[in-house]
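Okay, structure first, notes after.
The values are calculated or read from the model by the stated rules, or taken from the named source; none is laboratory data. None of these values were measured; they are calculated from a predicted model. Neighbour counts are summed over all protein chains in view; Cβ atoms, including those assigned to glycine, are modelled from backbone coordinates with ideal geometry.
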Amino acid sequence: VVRTAVTGVGSYLPPHIVTNEELSKTVDTSDEWIIERTGIRQRHKAADDQPTSDLAVEAALRALADAGKTAADVDLIIVATTTPDNTFPATAAIVQKKLGAPVGIAFDVQAVCSGFVYAMSVADGFVARGHSKCALVIGAEEMTRLMDWEDRTTCVLFGDGAGAFVLEPREGQGTKDDQGLLGFALRCDGSKTDLLYVDGGPSTTGTVGHLRMTGNQVFRHAVVNISEAIVAATEAASIAIPDVDWFVPHQANARIIRGVGERLGLDENRVISTVDLHANTSAASIPLAMDTAIKDGRIKRGDLVVIEAMGGGLTWGACAFRL
Ligand code: ACO
């Protein structure tokens, strides 16, 4: 059987860091409140002239180098983003141009914070069926562009960044020991669009809009939904939760990550957390966290990994793979 294998991982954070202390000078908040309620200490912010595609390209180049590939090899680019450079073309098309990659398949996936997990499942369809030999799946976001900087309940939570995986086909035996993607669970409950949305768009207000969220309700759904998706994805992969070496969650809030861990009885030493340094980078947070944990020597080739996320929609999902 042909499996879709993760053969390279890379990430990029814009250099400018905004601390909680700095935010507390412009909105009524404090370093203490933000750390206690979210675990966030700082976030990165893109420069004014640095669009999402620039972050995506940096992450993609690092992932390609990690895989021993170049832009010339890339035949599929999927960018998971909710903050595209333009309404169209897709940010993936701009990334293809900036990378100098050849004519191939390129498009965006919009599932907000779950975008990276959704994009991985879409890419799997191309790679495992022989339509792509070298795919880039990129999560790239500039959530700071969507903030209402007067709303302390949201503006402290988000940051900018990008992460990328290179995916290539690998022969497997059809068992859980194969390198590559083993199982998915994806969900959307559109009855809950009101809990987390941006109040603008081309066909409504004609503006970009600002992020609006009923945080405590999103929180409640997050723990339950993510836990359910992890169980479903591990079942789809024919693995048990104790088999999993690493959980790489979407980084929204340290309390959500802990809540899922407690609900499923996960060993906290097996759960990667970067929310303190990155804040919530939406679709970029999983590949950013993954790259961090590979670079610091925790996640190694051959490890069984589960990635999971929830975001606006509400969308949520999980994916199990062997690195
Ligand atoms: N600084 C100080 N006080 C604040 C701040 C702030 N930045 N933000 C809110 N407060 C106040 C509120 O106004 C409220 O005050 P009140 O009691 O006087 O009305 C009080 O803190 C408590 O507000 P809650 O919303 O009940 O606080 P909660 O403990 O739920 O924490 C938070 C809020 C951090 C947003 C939490 O609900 C959360 O993390 N929710 C998940 C949302 C999330 O991460 N979404 C990201 C996208 S979806 C995803 O990625 C999973």
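When restricted to residues that are away from the ligand (no atom under 16 Å from the Cβ) and either crowded, with 16+ Cβ neighbours inside 10 Å or under 18 Å from Gly10 (Cα atoms) (or both), segment 22-66 contains 20. Within segment 259-280, the set of residues being in contact with a helix residue (DSSP H, G or I) (Cβ under 7 Å, 6 or more places away or on another chain), outside any loop (DSSP other than H, G, I, E, B) and of a type in the set (A, V, I, L, M, F, W, C) comprises Val260, Leu264, Val271, Val275.
Is it the case that Asp177 is surrounded by fewer than 22 Cβ atoms within 10 Å (Cβ to Cβ), part of a loop (DSSP other than H, G, I, E, B) and either without any contact (Cβ under 8 Å) to a residue 12 or more places away in the chain or away from the ligand (no atom under 16 Å from the Cβ) (or both)? Break it down into steps so the answer makes sense when it comes.
Working: surrounded by fewer than 22 Cβ atoms within 10 Å (Cβ to Cβ): yes; part of a loop (DSSP other than H, G, I, E, B): yes; either without any contact (Cβ under 8 Å) to a residue 12 or more places away in the chain or away from the ligand (no atom under 16 Å from the Cβ) (or both): yes.
Against the criterion (surrounded by fewer than 22 Cβ atoms within 10 Å (Cβ to Cβ), part of a loop (DSSP other than H, G, I, E, B) and either without any contact (Cβ under 8 Å) to a residue 12 or more places away in the chain or away from the ligand (no atom under 16 Å from the Cβ) (or both)), Asp177 qualifies.
Could you pull out the residue among Ala283, Ala252, Ala289 that is among the small types (Gly, Ala, Ser), under 15 Å from the mean Cα position of the chain (by Cα) and either assigned to a loop (DSSP other than H, G, I, E, B) or surrounded by fewer than 24 Cβ atoms within 10 Å (Cβ to Cβ) (or both)? Testing whether each residue is among the small types (Gly, Ala, Ser), under 15 Å from the mean Cα position of the chain (by Cα) and either assigned to a loop (DSSP other than H, G, I, E, B) or surrounded by fewer than 24 Cβ atoms within 10 Å (Cβ to Cβ) (or both) leaves just Ala252.
Going by the structure shown, is Ile77 farther than 29 Å from Asp178 by Cβ and either buried (at least 22 other Cβ atoms within 10 Å of the Cβ) or touching a residue at least 24 places away in the same chain (Cβ under 8 Å) (or both)? Steps first, please.
Numbers: farther than 29 Å from Asp178 by Cβ: no; either buried (at least 22 other Cβ atoms within 10 Å of the Cβ) or touching a residue at least 24 places away in the same chain (Cβ under 8 Å) (or both): yes.
So Ile77 does not fit the description; no.
Run down Ile286, Ile272, Ile257 and say which single residue is within 18 Å of Phe184 (Cβ to Cβ), within 16 Å of the ligand (Cβ to nearest atom) and modelled with pLDDT of 95 or more. Before the answer, list the steps.
Values: Ile272 fails: within 18 Å of Phe184 (Cβ to Cβ); Ile257 fails: within 18 Å of Phe184 (Cβ to Cβ).
Sole residue among the options that is within 18 Å of Phe184 (Cβ to Cβ), within 16 Å of the ligand (Cβ to nearest atom) and modelled with pLDDT of 95 or more: Ile286.
For the criterion of being without any contact (Cβ under 8 Å) to a residue 60 or more places away in the chain, part of a loop (DSSP other than H, G, I, E, B) and buried (at least 19 other Cβ atoms within 10 Å of the Cβ), Asp85 passes.
For residues in segment 224-249 being charged (D, E, K, R) and not in a loop (DSSP other than H, G, I, E, B), which is surrounded by the most Cβ atoms within 10 Å (Cβ to Cβ)?
First, pick out the residues of segment 224-249 that are charged (D, E, K, R): 228, 235, 243, 245.
Pick out the ones that are also not in a loop (DSSP other than H, G, I, E, B) and you get 228, 235, 243.
Values: Glu228: 16, Glu235: 14, Asp243: 13.
Checked segment 224-249; the qualifying residue surrounded by the most Cβ atoms within 10 Å (Cβ to Cβ) is Glu228.
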